[in-house]
Amino acid sequence: MKIAILSRNRRLYSTRRLVEAAEERGHKVRVIDILRCYMNIASHKPMVYYRGEALEDFDAVIPRIGASVTFYGAAVLRQFEMMGVFPLNESVALTRSRDKLRSLQLLSRRGIGLPVTGFASKPDDVEHVISLVGGAPVVVKLLEGTQGIGVVLAETQKAAESVIEGFMGLKANILVQEFIKEAGGADIRCLVVGGKVVAAMKRQGAPGEFRSNLHRGGSANTVKITPEERSTAVRAASIMGLNVAGVDMLRANHGPVVMEVNSSPGLEGIESSSGKDVAGMIIKFIEDEGKKGKTATRGKG
Ligand code: ADP
Ligand code: MG
């Protein structure tokens, strides 16, 4: 097969591993910098161009689109879909997953366990929003945050009010969430490929840190997940419409609660902690499922 990887940097671990796995399995693979792509949307024959060259004949495209380039990246991916190229994850699913609030609404509608979450846009309702999620301590999150930046634990009512008012004063979109204390600064990342959890890890935040992000000094270890965690991860990926997803959950007293579903999950932590060839499984999924024009939406919607 001829596979395109949409990534800004071919030296990134996940990109390198996907190239390696694809070549090992006998495929032709090219890393394409999305920001260098341009397109002809008006014509009858949609095409993506790259440094003067038409990107034709690809069978599959793997989006590895960073949060900061979601908008343009999704447009390039959509164009590939219009050309009939099989996307590992579809553009519609990708943009869905990048909006935390939209994701939580979709998941809650289908009965997935979530931390109790509030959302507001005007500061006059702050007290009520905090009480809606059970009162302090609460976690306040910037909707556009990643890698733990913009996630704040407010331990008292007063702290919560001032953090929320501060963020709102900056016109930032935020959500307010019940603090799952019993998670103990750890979360579970399940890597879902084609409707199966192929690897899982437990990330533990550094001492004194409630955020378990590896970028914030957390450490990753293998973990045995429960059947409920497994089915929650698979269902969450499917509700989001993602073939490949990193589903992050907290272990709450009443069972797993999903925090977010990542559409370009990093492979380094999960491959090194689990010892599994996740990149190889992703390429194998493309071999099995990557038929021309096979998408749920073909970029529509
Ligand atoms: P980001 O997108 O920046 O990674 P997350 O929502 O995943 O933001 O939050 C970062 C980390 O903070 C999580 O991995 C988790 O360890 C911790 N965390 C987030 N929300 C909660 C919560 N409601 N209760 C307890 N810990 C939380
Ligand atoms: Mg996270």
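Here's the yes/no breakdown for (1) among the aliphatic types (A, V, I, L, M); (2) within 17 Å of the chain's Cα centre (by Cα):
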| residue | (1), (2) |
| --- | --- |
| S7 | no, yes |
| R30 | no, no |
| A42 | yes, no |
| V48 | yes, no |
| A54 | yes, no |
| F58 | no, no |
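Entry remark, segment 254-299: residues being touching a strand residue (DSSP E or B) at 6+ places or on another chain (Cβ under 7 Å) and in a helix (DSSP H, G or I) number 9 in total.
When each of G118, G148 is tested for being outside any helix (DSSP H, G or I) and away from ligand 2 (no atom under 16 Å from the Cβ), the lone residue that passes is G118. When segment 181-194 is filtered for residues that are away from ligand 2 (no atom under 13 Å from the Cβ), under 22 Å from A237 (Cα atoms) and surrounded by fewer than 23 Cβ atoms within 10 Å (Cβ to Cβ), the ones remaining, listed by number, are V193, G194.
Here is a yes/no grid of residues against (1) surrounded by fewer than 18 Cβ atoms within 10 Å (Cβ to Cβ); (2) under 18 Å from the mean Cα position of the chain (by Cα):
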{"position": "R211", "(1), (2)": "no, yes"}
{"position": "G217", "(1), (2)": "yes, no"}
{"position": "A220", "(1), (2)": "no, yes"}
{"position": "I225", "(1), (2)": "no, no"}
{"position": "E229", "(1), (2)": "no, yes"}
{"position": "A233", "(1), (2)": "no, yes"}
{"position": "A237", "(1), (2)": "no, yes"}
{"position": "M240", "(1), (2)": "no, yes"}
{"position": "V244", "(1), (2)": "no, yes"}
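When restricted to residues that are without any contact (Cβ under 8 Å) to a residue 60 or more places away in the chain and within 15 Å of ligand 1 (Cβ to nearest atom), segment 250-285 contains 0.
Would you confirm whether any residue within segment 158-174 is more than 16 Å from ligand 1 (Cβ to nearest atom), in a loop (DSSP other than H, G, I, E, B) and basic (K, R)?
Just the residues of segment 158-174 that are more than 16 Å from ligand 1 (Cβ to nearest atom), to begin with: 158, 161-162, 165-166, 168-171.
Add one more test, that the residue is in a loop (DSSP other than H, G, I, E, B), and what stays is 170-171.
So of that shortlist, the ones also basic (K, R) come out as 171.
Yes, because at least one residue in segment 158-174 is more than 16 Å from ligand 1 (Cβ to nearest atom), in a loop (DSSP other than H, G, I, E, B) and basic (K, R).
Scanning segment 122-157 for residues that are within 13 Å of ligand 1 (Cβ to nearest atom) and under 20 Å from Q105 (Cα atoms) yields V133, G134, V138, V139, V140, K141, L142, L143, E144, G145, T146, V151. The residue that is farthest from N262 (Cα to Cα), among those in segment 165-195 that are free of Cβ contacts under 8 Å to residues at least 60 places away in the same chain and touching a helix residue (DSSP H, G or I) at 6+ places or on another chain (Cβ under 7 Å), is E165.
Could you go through segment 15-38 and let me know if any residue there is among the small types (G, A, S) and within 23 Å of Y72 (Cβ to Cβ). Checked segment 15-38: no residue is among the small types (G, A, S) and within 23 Å of Y72 (Cβ to Cβ). Scanning segment 207-217 for residues that are within 15 Å of ligand 2 (Cβ to nearest atom), without any contact (Cβ under 8 Å) to a residue 40 or more places away in the chain and farther than 17 Å from K141 by Cα yields a single hit, G217.
Here, each number is a calculation from the coordinates, and none is a lab measurement. Worth saying up front: this structure is predicted, and the values here are computed from it rather than measured. A quick note on method: Cβ atoms are made from the backbone with ideal geometry, for glycine too, and the neighbour counts reach across all protein chains shown.
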